[in-house]
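Here the structure is laid out as structure tokens; the discussion comes afterwards.
The values are calculated or read from the model by the stated rules, or taken from the named source; none is laboratory data. The structure displayed is predicted, hence computed values, not measured ones. As a convention, Cβ positions derive from the backbone with ideal geometry for all residues, glycine included, and neighbour counts pool all protein chains shown.
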């Protein structure tokens, strides 16, 4: 696929890194945020999905033949932000990659590229509706990446455990999969340039019990083990018990993970 121009919808923790990678390649990169992102080599645009006029301004400012990374979160009120955006930009778009979540797999405990989405929560159901719009909603080519828990510098158990804000779900024997933000950015960049379609789980190569990760961080940083709480008192993402096999999309996109295990990724993030 020929490069760019690229549009990053949602220049947050992951989107910012993807924008920087594309700009470093000399690509034409546009990025949106509520406040225009300040990134070298990236043209910032303001986008507030609750103000329709900003969509018209966005469509007028952007070039044709866009390759889009959609990394906007689901709003707290669950309203659809993707439909209006695609309505404004659809005719300018040739490819879209959407960053969803492994939360769409619901209660499934073993997940790979063949696992169907079985969303249980309202936000996960909204994610699946967005995935369908990306994959089936227009003339563009679409691909969905479903990342496991994203961690890296400034984000993850190595931050929340020392702060005392990390709680184990029950005995902490639930499995958790994760992906380092730099590996996710590399996979996303490859997906933007590829012709691949479909929805793919993304994770590193070592799912681990929550207690084992907490013990690793506590020993690494000299912290006390975090407290345990009943699962019912924790957010749904902390209650998950899921092993995710993300090897298929790495093979598909010919990407080798820099951090195939939290044992490498967490120390590198400090």
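Just wondering, is there one or more residues in region 221-233 that are crowded, with 19+ Cβ neighbours inside 10 Å, in contact with a strand residue (DSSP E or B) (Cβ under 6 Å, 6 or more places away or on another chain), farther than 19 Å from residue 113 by Cα and touching a residue at least 12 places away in the same chain (Cβ under 8 Å)? Yes, that holds for at least one residue. Please give the number of the condition residue 4 fails out of (1) assigned to a loop (DSSP other than H, G, I, E, B); (2) surrounded by fewer than 22 Cβ atoms within 10 Å (Cβ to Cβ); (3) at negative phi. (3) is the only condition that residue 4 fails. The set of residues from region 252-269 being within 22 Å of residue 154 (Cα to Cα), in contact with a helix residue (DSSP H, G or I) (Cβ under 9 Å, 6 or more places away or on another chain) and surrounded by fewer than 21 Cβ atoms within 10 Å (Cβ to Cβ) comprises 258, 260, 263, 267, 268, 269. Does residue 62 fit the bill of being touching a helix residue (DSSP H, G or I) at 6+ places or on another chain (Cβ under 7 Å) and under 22 Å from residue 141 (Cα atoms)? So residue 62 passes the test. Within region 161-187, if we keep just the residues that are surrounded by fewer than 21 Cβ atoms within 10 Å (Cβ to Cβ) and within 30 Å of residue 254 (Cβ to Cβ), the residue that is farthest from the chain's Cα centre (by Cα) turns out to be 175.
Checking each residue in region 5-38 for being modelled with pLDDT under 85 and out of contact with any strand residue (DSSP E or B) (no Cβ under 6 Å at 6 or more places or on another chain) picks out 33, 34, 35, 38. Residues in region 195-212 that are under 21 Å from residue 95 (Cβ atoms) and buried (at least 17 other Cβ atoms within 10 Å of the Cβ): 4 in all. Scanning region 152-167 for residues that are in contact with a strand residue (DSSP E or B) (Cβ under 6 Å, 6 or more places away or on another chain) and modelled with pLDDT of 95 or more turns up just one, 152.
For residue 188, the requirement of being outside any strand (DSSP E or B), free of Cβ contacts under 8 Å to residues at least 24 places away in the same chain and in contact with a helix residue (DSSP H, G or I) (Cβ under 9 Å, 6 or more places away or on another chain) is not met.
Determine if region 56-63 includes at least one residue that is in contact with a strand residue (DSSP E or B) (Cβ under 7 Å, 6 or more places away or on another chain), part of a helix (DSSP H, G or I) and farther than 26 Å from residue 129 by Cβ. Quick ask: steps written out before the conclusion?
Within region 56-63, the first condition is being in contact with a strand residue (DSSP E or B) (Cβ under 7 Å, 6 or more places away or on another chain), and the residues that meet it are 58, 61-62.
Filter once more, so that each one left must be part of a helix (DSSP H, G or I): 58, 61.
Next, from what is left, pick out any that are farther than 26 Å from residue 129 by Cβ: 61.
Within region 56-63, one or more residues are in contact with a strand residue (DSSP E or B) (Cβ under 7 Å, 6 or more places away or on another chain), part of a helix (DSSP H, G or I) and farther than 26 Å from residue 129 by Cβ.
Go through region 229-251 and give me each residue that's touching a helix residue (DSSP H, G or I) at 6+ places or on another chain (Cβ under 9 Å) and part of a helix (DSSP H, G or I). If the condition is that a residue be touching a helix residue (DSSP H, G or I) at 6+ places or on another chain (Cβ under 9 Å) and part of a helix (DSSP H, G or I), then 231, 232, 236, 237, 238, 239, 249, 250 are the ones that fit.
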